[in-house]
Amino acid sequence: MTAQPIVSLENVTKTYGTTAALADATFDLMPGEIHALVGENGAGKSTLCKLIAGVIAPSEGILKIDGQTVLFSSPKDASGHGISMVYQETSLVPQLTVAQNIFLGREQMFNSVRRVRSAARQVLQRLNFKVDPAQLAGTLSAAKRQMVEIARAVHNQARVIILDEPTAALTPEETDHLFDLMKSLQRNGVAIIFISHALEEALSYADRISVLRNGRMMTTGPAADFNRGTLIHHMIGDELIEQEKVPAARRPPRSALPVLRVENIRMGSIVNNMSFSIFPGEITGLAGLIGSGRSEVAKVIMGHTKRNFGGGRIWLDGREVRYGLPAQAVADGIAYISEDRKLDGFFDTLSVAENIGLGWLAKFGGRRFLAPRAKMRTLAREWVDRLSIRSIGVERPVLYLSGGNQQKVVIAKSLIQKPKLVIFDEPTRGVDVGAIAEIRQIIRSFADSGAGVILISSYLPEILETCDRILVAKSGTIAAEFSRAEASAASILNAAIH
Amino acid sequence: MTETVFGNLLGSREAGMLERVVLVVTFALVVLFSLFIDGFATAGNLLVILSNSTSLVMLSCGMAVVIISRGLDLSLIAQMVSGATIFSILVTNGSPAAFALLVAVAAMVLVGFVNAFLIAYVGIPAMLATLASAMCITGLFRFAILRGEFILLLPKSNPAVLFLSGNILPGVTVPVALMIATLLATWALLSYSTAGRIIYAMGDNYQAARLTGLPVRTTTVVVYVFAAVTALLAGLVTSAASGAVDFRTVSNGTLLFDVILVVVLGGIPLRGGRGGLKNILVGAALIAILRNGMTLMNFTTQMQDALRGLVLILAIVIDNYLNPRDTETDTVGDL
């Protein structure tokens, strides 16, 4: 591998607002190599790939192809240089046939259906894919959709193929087939980058591995130089390993009865036989990768998601429940605080007082005709003081508040309902540093008041610092459970990845 | 993220701007029409404008409430004529007016409930559900009651008709009194009632309202039933004034058009969550004056339609410019 790299990034930074998704990263891809990218959620793996594929442009730094500096303004530019990316969520057009999808963007003025199909069949056969070119892309399984995307990349004479978590949706046999294919593409001189959470795959199939953490490139080296332990070490860093033993808070003895118990919850292909119990007075962390079914199980419990419910039982305070609407769950004392407050958390044009007051109205409003506006406002002000929400005025729209204060409004809107169980989904995402500590304190004192708390978080330090007990979700099931004393970043991550 | 936040900031600040622009345009039209149209600025004509716009204002109240809750009701005019038909037939056949009114209200409550059921429980988009129910209602009434006719003529001598077109107080006609009552009811609903709080919350962010545990389905029922009742009142007033129930009002679409015009020009964004009584009044003032001026200038109905279309396009363009769409509204779908 003395040749010059086919793709190289030199000190590339990509910032969104004030946060850097990728900071000062340097990366080389050699012709004909298989290069694995590993890292936690949000480490910057997808950002790096999207920069190479021309989906996003770097804020700083240089991207070189074959030693030439390039500036991609769209994926089409990248594809002109022979770079193709296969996304986790596939980019096929579901209403078109497999053949049409393979030729997408390269159609001539007039297309003979038969010629396109036979050309597509040739491509598919050469790759040893058993896919019918006449089938509609929308009717294919996840594995076959991926094959078609790869076929499209091969047809476009890609020299670099980027695969974003290609094995996440595949069965073991399909995975083997995929890696065989990657090897044969490699023999034809194609360079491949693949993102993976399955460390064994990276270790056994990649030539080189790069580890990212918090947007920084931690290390790059031949796969043979790493093992599972060293990879995890690079992924989480020394500091975390040092500081993982936070002094445990003095906990009252756990009450014997769980406030919530779920058994064998299934939903679509995302939640797969999940079972756990939540005890009052305790913060139970729900760790796991994105897509492991954490938020989905919360939404099933709330009655927010009904479609694809595949069975399972839920008990609240020993009584079996099954909610068809969030309003029923709220009436019984469950609240869910969304991971995306702008999407389904707060009412952006309504005032701070109105937002908090609506939470009260939802639970205690009853059927009276006139809204008790004075009471709603007084209660809202009380909660503004209690959670020290800082705003220029409680009559101002929530939109004008900082992220942390917006999040506190959403929390107040739920806590005003006096729930016995609250599910916090990523409560400190997009929140300023000062407010993070305050929000964790709010969660802690709420649990101390005797309520049950589920804390869903992708951020391991948050889980380690805040939770009394930690459940780790993987592929829709609970893969491991740790007490506060046993848990460490390494053990949680080890349980969460494949 | 920062871009949409900034866009919304502009949107909410400038939302008040559309209604201010419309208010200025209305005043300008009043001045222009007074100068150039004979007989516009007379006390008699002002009364004509007022009495001609009562049903428009009532319908706009219903539509505004629906749109603020991020819905849409295309069956308003169908409800209006079918409600008036029920009332008229019963009265003509000798039922007491109070009984006829009760039956008509019950029927409209049922129609509003069916609309809301299709939208909130079955999950059909509001535009399709109400379009379908509009077709069903008009078809059914013309087939079963009018025997294929377009028009149901009312005897002028009918006491109920006489009452509806008469005065309730010296100088205050019954239609004007009903219009004021509808405006007051809308004001109470939007500003003081529990349902009103939820209507704004649903319009602002339907998923958040649902997850907070607000009774979004029940409130949808309240919204569409309210709209159906305003449509009935508008139907009674119109039929009494014209001496007929005319089903062509449904099929030519002009009235529905005017109602949407009033709401949009008044500055109520189609994606909901904002707006109130003053927006309805501002929008209605412009449309009422425009209609009156065009009639006084002897514009043909075709010319009037062309102008209306132009005004609606212009208003929606301005509305989109002042309330930029973002990915959030795109996924929910505001129409």
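The values are calculated or read from the model by the stated rules, or taken from the named source; none is laboratory data. Computed from a predicted model, the values in this text were never measured in an experiment. Every residue, glycine among them, receives a Cβ derived from its backbone with ideal geometry; neighbour counts consider all protein chains shown.
Can you confirm whether residue A:16 is within 14 Å of chain B (Cβ to nearest Cβ) and surrounded by fewer than 21 Cβ atoms within 10 Å (Cβ to Cβ)? Considered against the rule, which asks whether it is within 14 Å of chain B (Cβ to nearest Cβ) and surrounded by fewer than 21 Cβ atoms within 10 Å (Cβ to Cβ), residue A:16 comes out as yes.
Just one of the numbered conditions (1) away from chain B (no Cβ under 11 Å); (2) more than 27 Å from the chain's Cα centre (by Cα) is not true of residue A:437: (2). Looking at the structure I just gave you, is residue B:265 at pLDDT below 90, under 23 Å from residue B:184 (Cα atoms) and in contact with a Leu (Cβ under 7 Å, 6 or more places away or on another chain)? The answer is yes for residue B:265. Within the option set B:47, B:10, B:18, B:23, being within 14 Å of chain A (Cβ to nearest Cβ), in a helix (DSSP H, G or I) and at pLDDT below 90 holds for one residue only, B:10. Of the strands (runs of 3 or more DSSP E) lying entirely inside the stretch A:396-498, the ones with 2 or more residues being surrounded by 23 or more Cβ atoms within 10 Å (Cβ to Cβ) and at pLDDT 90 or above are found at A:421-425, A:452-456, A:469-474. Can you tell me which residue within the stretch A:171-192, out of those that are under 20 Å from residue A:209 (Cβ atoms) and not in a helix (DSSP H, G or I), is nearest to the chain's Cα centre (by Cα)? This residue is A:192. When only residues in the stretch A:308-357 that are within 7 Å of chain B (Cβ to nearest Cβ) and among the hydroxyl-bearing types (Ser, Thr, Tyr) count, which is surrounded by the most Cβ atoms within 10 Å (Cβ to Cβ)? Checked the stretch A:308-357; the qualifying residue surrounded by the most Cβ atoms within 10 Å (Cβ to Cβ) is A:336. When the stretch B:201-216 is limited to residues that are facing another protein chain (nearest Cβ under 7 Å) and out of contact with any strand residue (DSSP E or B) (no Cβ under 9 Å at 6 or more places or on another chain), the one that is surrounded by the fewest Cβ atoms within 10 Å (Cβ to Cβ) turns out to be B:207. Within the stretch A:308-330, the residues that satisfy the criterion of being in contact (Cβ under 8 Å) with a residue 24 or more places away in the chain, under 26 Å from the mean Cα position of the chain (by Cα) and more than 23 Å from residue A:257 (Cβ to Cβ) are A:308, A:309, A:310, A:311, A:326. Condition test on residue A:146, is it surrounded by 21 or more Cβ atoms within 10 Å (Cβ to Cβ), in the same structural domain as residue A:80 (by TED's automatic domain parsing), touching a residue at least 60 places away in the same chain (Cβ under 8 Å) and not acidic (Asp, Glu)? Answer is yes for this residue. Remark: pairs (first residue in the stretch A:341-353, free of Cβ contacts under 8 Å to residues at least 12 places away in the same chain; second residue of a type in the set (A, V, I, L, M) and surrounded by 24 or more Cβ atoms within 10 Å (Cβ to Cβ); Cβ separation under 7 Å; 6+ apart in sequence or on different chains) = A:344/B:208; A:344/B:211.
Filtered by the rule that a residue be in a loop (DSSP other than H, G, I, E, B) and modelled with pLDDT of 90 or more, the stretch A:196-211 gives A:206, A:207. The lone criterion from (1) in contact with a strand residue (DSSP E or B) (Cβ under 8 Å, 6 or more places away or on another chain); (2) over 22 Å from residue A:316 (Cβ atoms); (3) within 14 Å of another protein chain (Cβ to nearest Cβ) left unmet by residue A:487 is number (3).
What is the residue count in the stretch A:414-448 for residues that are touching a residue at least 12 places away in the same chain (Cβ under 8 Å) and among the polar types (S, T, N, Q)? Show your work before the answer.
Within the stretch A:414-448, the subset touching a residue at least 12 places away in the same chain (Cβ under 8 Å) is A:414-432, A:434-436, A:438-440, A:442-444, A:446-448.
This time we only want the ones that are among the polar types (S, T, N, Q), so: A:414, A:417, A:428.
Here the count works out to 3.
Consider the stretch B:172-198 and keep the residues that are touching a residue at least 40 places away in the same chain (Cβ under 8 Å) and in contact with a strand residue (DSSP E or B) (Cβ under 7 Å, 6 or more places away or on another chain). The one that is nearest to the other protein chains (Cβ to nearest Cβ) is B:174. When the criteria are applied in full, residue A:464 meets the requirement of being in the same structural domain as residue A:381 (by TED's automatic domain parsing) and within 21 Å of the chain's Cα centre (by Cα). Looking only at the stretch A:358-395, residues that are in a helix (DSSP H, G or I) and at the interface with another protein chain (Cβ under 7 Å from one of its Cβ atoms) come to 5 in all.
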